[in-house]
1. Could you pull out the residue among ILE184, ILE241 that is within 16 Å of the ligand (Cβ to nearest atom), hydrophobic (A, V, I, L, M, F, W, C) and farther than 24 Å from TRP78 by Cα?
2. Test ASP175 against the stated conditions and say whether it is part of a helix (DSSP H, G or I) and surrounded by fewer than 20 Cβ atoms within 10 Å (Cβ to Cβ).
3. Filter the stretch 14-42 for residues that are aliphatic (A, V, I, L, M) and either more than 17 Å from the chain's Cα centre (by Cα) or assigned to a loop (DSSP other than H, G, I, E, B) (or both); which is surrounded by the most Cβ atoms within 10 Å (Cβ to Cβ)?
4. Name every residue in the stretch 305-322 that is in contact with a Cys (Cβ under 9 Å, 6 or more places away or on another chain) and within 8 Å of the ligand (Cβ to nearest atom), in order of residue number.
5. Can you find a residue in the stretch 286-304 that is within 15 Å of the ligand (Cβ to nearest atom), in contact (Cβ under 8 Å) with a residue 60 or more places away in the chain and among the aliphatic types (A, V, I, L, M)?
6. Being in a loop (DSSP other than H, G, I, E, B), free of Cβ contacts under 8 Å to residues at least 60 places away in the same chain and crowded, with 16+ Cβ neighbours inside 10 Å is the filter here, so list the residues in the stretch 111-120 that pass it.
7. Limited to the stretch 147-160, what total is found for residues that are without any contact (Cβ under 8 Å) to a residue 24 or more places away in the chain and exposed (fewer than 14 other Cβ atoms within 10 Å of the Cβ)?
8. Out of GLY209, GLY178, report the one residue that is more than 16 Å from the ligand (Cβ to nearest atom), on the phi > 0 side of the Ramachandran plot and free of Cβ contacts under 8 Å to residues at least 60 places away in the same chain.
Amino acid sequence: MNTDTPLLFRPMPLRGLTLPNRLVLAPMMQYRAENGFATDWHLAHYGKFALGGFGVVMTEVVSVEKAGRITHGDLGLWSDEFIPGLKRVTDFIHSQGALAAIQIGHSGRKASSQRVWEGGGPLTAADAANGEAPWTPRGPSDLPYGPEFPKPHALTIPEIEELIIKFGEAVARADRAGFDIVEIHGAHGYLISSFLSPVTNNRQDAYGGDLSRRMKFALDVTTAIRANWPSHKPLFFRISIEDGAGKEGWSLEDSLAIAPLLAERGVDIIDCSSGGINGSPTVQNSIKGLGYQVPYAEQIKNAAKVPSMAVGLILYPQQAEDVVQSGQSDLIAVGRQALYDPFWPLHALQALAPDATFKHWNESSGWWLQRRANAIAKFGLAPSGEPLPK
Ligand SMILES: Cc1cc2nc3c(=O)[nH]c(=O)nc-3n(C[C@H](O)[C@H](O)[C@H](O)COP(=O)(O)O)c2cc1C
């Protein structure tokens, strides 16, 4: 790669590692784990994005304890038994020259849910009859996620301290499973996010009340994770910059306040999402605009002075390149566009650098695709499925 290489595709050093490019697969739940264990699904699913040219392939959220799963289909890392299944996935990602990231989290009061395509509601007696029994969610307070959702158990201080240790233990396992990057899931109304927001945290102790006490859980988890995560490996933190509860909720101003505190504790990148405190940020009726969260990433990078990652309807190669070129974020995470086209990074490179050959593709495809391209050029054909020219 030379200086003509689009910025999106230039390597980026971060701590002791070098990200091969600036494109990260966004964390996306698969609901395909079996009792928390990774399956062949995860190998094939994450493997295709490594083949597709993502510099960093990030897993869906992986829970630090059994009760911290959202659904029965979530991945877990609360015991060493989970390491080999995840190691298969990271080994393949590495074999393709990409880095492997894992998102670590806890569902909090959004636990005991159905998979989205099963309705996304609370688990019911009918689910229990199918072997998927409900359980009691755990949260900062006993405020349920919705009227039909179970009342969470409000964590005691000793239980909070125990959970913080579990976060540390989970990332120590993630290191042994071969992951290069950890992202802490502090967004979307799940446990960490629900400690931050005044809408979901009505405690009046060391972990609730004013802003600094609501931030304490997130900061303590970060400290525990950094202590258990090798110092040469990067740490990301995903936050809902605004949590979706309007004036009552967690705000941009609050995010600007926490960002430098996270950086002091060893966070390298803030992944800037939004919403989710009272519903899913993605499963929603309102359609958001192109790059709708990029202004958040820009604020974190330029106002809070902490490196950031932008995510949310980043669909087009030039759009992504413009975001990093203009200094709005350091990294780009791509979610649904990658589900649509797992080879999106390789296609983006060809769109941004039209003279790029197929040498960046794996040989098993690239050698043939170059010849296909030669034929297309010779006969003036359309490159991908458009009607033949008349
Ligand atoms: C199928 C699916 C599953 C998701 N699962 C997670 C998740 O596990 N953790 C998370 O932080 N966000 C999750 N998200 C949100 C995405 O990471 C991303 O922020 C969101 O989809 C917006 O980006 P996009 O427009 O590029 O898809 C999920 C989104 C989708 C579509």
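Every number in this text was worked out from the coordinates using simple rules, so none of it is lab data. These numbers come from a predicted model, not from an experiment. Cβ: placed from backbone, ideal geometry, glycine included. Neighbour counts: every protein chain shown.
1. Within the list ILE184, ILE241, the selection yields ILE241.
2. Yes, satisfied.
3. ALA38
4. If the condition is that a residue be in contact with a Cys (Cβ under 9 Å, 6 or more places away or on another chain) and within 8 Å of the ligand (Cβ to nearest atom), then VAL311, GLY312 are the ones that fit.
5. So far as the stretch 286-304 goes, no, none of its residues is within 15 Å of the ligand (Cβ to nearest atom), in contact (Cβ under 8 Å) with a residue 60 or more places away in the chain and among the aliphatic types (A, V, I, L, M).
6. Across the stretch 111-120, the qualifying residues are ALA111, SER112, GLN114.
7. 4
8. Of GLY209, GLY178, the one residue that is more than 16 Å from the ligand (Cβ to nearest atom), on the phi > 0 side of the Ramachandran plot and free of Cβ contacts under 8 Å to residues at least 60 places away in the same chain is GLY209.
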